[in-house]
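Undergrad: Next up is a structure, given as structure tokens.
Each value in this text was obtained by applying a stated rule to the coordinates, not by laboratory testing. From a predicted model like this one, the values you see are computed outputs, not experimental measurements. Glycine gets a Cβ as well: all are built from the backbone with ideal geometry, and neighbour counts include every protein chain shown.
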Amino acid sequence: MQLQILKSKIHRARVTDASLDYEGSLTIDRAIMEKIGIFPYEKVLCGNMANGNRFETYAIAGEPGSGVICLNGAVARLGKKGDLLTIMTFARMTPEEARNFKPRVVVLGEDNRIISERGT
């Protein structure tokens, strides 16, 4: 049996921009992605705390240290600059693997800087 387990989470990511004309995806500061193990083009599930929208897309790496969180393409219609997102990735694993697994989690503060982390 395979379980889907939370692999990584960015909590309270503030949307810095939205680009409707871009192909699609979610741009995330590369330094944050690397800190918690999100790969470029990896599927992400996002929850928008401002309006309750949930959506899936994929991550693309933004400028390291920029704090960028940009909604691209169709998902630009599901949020706006200033909204807070929870960004999650999941991994499939056996119950034995899942038993001791701990997700990598960061909480962001002002300018999307990491203020808290666990599992990293």
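Undergrad: Using modelled backbone amide H atoms (1.01 Å from N, in-plane), which distant-in-sequence or interchain residues come within less than 5 Å of N53's amide H?
TA: N48
Undergrad: Report the GluC sites (Glu not before Pro) located in the range 1-62 that are in a DSSP loop and have at most 13 other Cβ atoms inside 10 Å of their Cβ, or state none.
TA: In loop regions of the range 1-62 (DSSP not H, G, I, E or B), the sparsely surrounded GluC sites (Glu not before Pro) are E23.
Undergrad: Now for a separate question. Using alpha carbons only, how many angstrom separate the centre of the range 8-80 from the centre of the range 86-117?
TA: Each part reduced to its Cα centre gives a spacing of 15 Å.
Undergrad: So what J values fall out for the range 14-19 if you push phi through Karplus, 6.51 cos²θ - 1.76 cosθ + 1.60 with θ = phi - 60°, rounded to Hz, Gly and Pro as x?
TA: 8, 5, 9, 6, 9, 10
Undergrad: Give the label of the value calculated from the structure for percent of Cα pairs over 18 Å apart, choosing from (i) 47; (ii) 59; (iii) 82.
TA: The value computed from this structure is option (i).
Undergrad: If you don't mind, another one. Among DSSP beta bridges whose residues both lie in the range 10-61, state the antiparallel percentage, nearest 5.
TA: Beta bridges within the range 10-61, antiparallel portion: roughly 60 percent.
Undergrad: Would you list which lysines come within 27 Å of K81, measuring only between C-alpha atoms, while excluding same-chain residues fewer than 8 positions from it?
TA: Within the straight-line cut-off, K81 pairs with K7, K9, K35, K43.
Undergrad: Could I ask something else about it? Provide the FRET efficiency to the nearest 0.05 for the Q2-E34 pair, computing r from the beta carbons and using R0 = 30 Å.
TA: Here the calculated transfer efficiency is 0.70.
Undergrad: Suppose a student asked you for the relative contact order of the chain, using Cα pairs under 8 Å spaced at least 6 residues apart; what percent would you report?
TA: Computed over the chain, the figure is 42 percent.
Undergrad: Calculate the translational D of the range 57-120 in whole µm² s⁻¹ from Stokes-Einstein, where the hydrodynamic radius comes from the Kirkwood formula applied to all Cα pairs, the temperature is 37 °C and the viscosity 0.692 mPa s.
TA: 230
Undergrad: Right, something else. Ranked by Cβ crowding within 10 angstrom, fewest neighbours first, how are T27, T94, T86, T120 ordered?
TA: So the residues, fewest neighbours to most, are T94, T120, T86, T27.
Undergrad: Okay, moving on. Of all DSSP beta bridges located in the chain, what percent are antiparallel, nearest 5?
TA: Just about 70 percent of them are antiparallel.
Undergrad: For R104, list long-range residues whose amide hydrogen, built 1.01 Å from N in the peptide plane, is under 5 Å from its own amide hydrogen.
TA: Under 5 Å from the amide H of R104: S8, K9.
Undergrad: Do any chymotrypsin sites (Phe, Trp or Tyr not before Pro) in the range 27-84 lie in a loop, going by DSSP, with at most 12 other beta-carbon atoms within 10 Å of their beta carbon, and if so which?
TA: Y41
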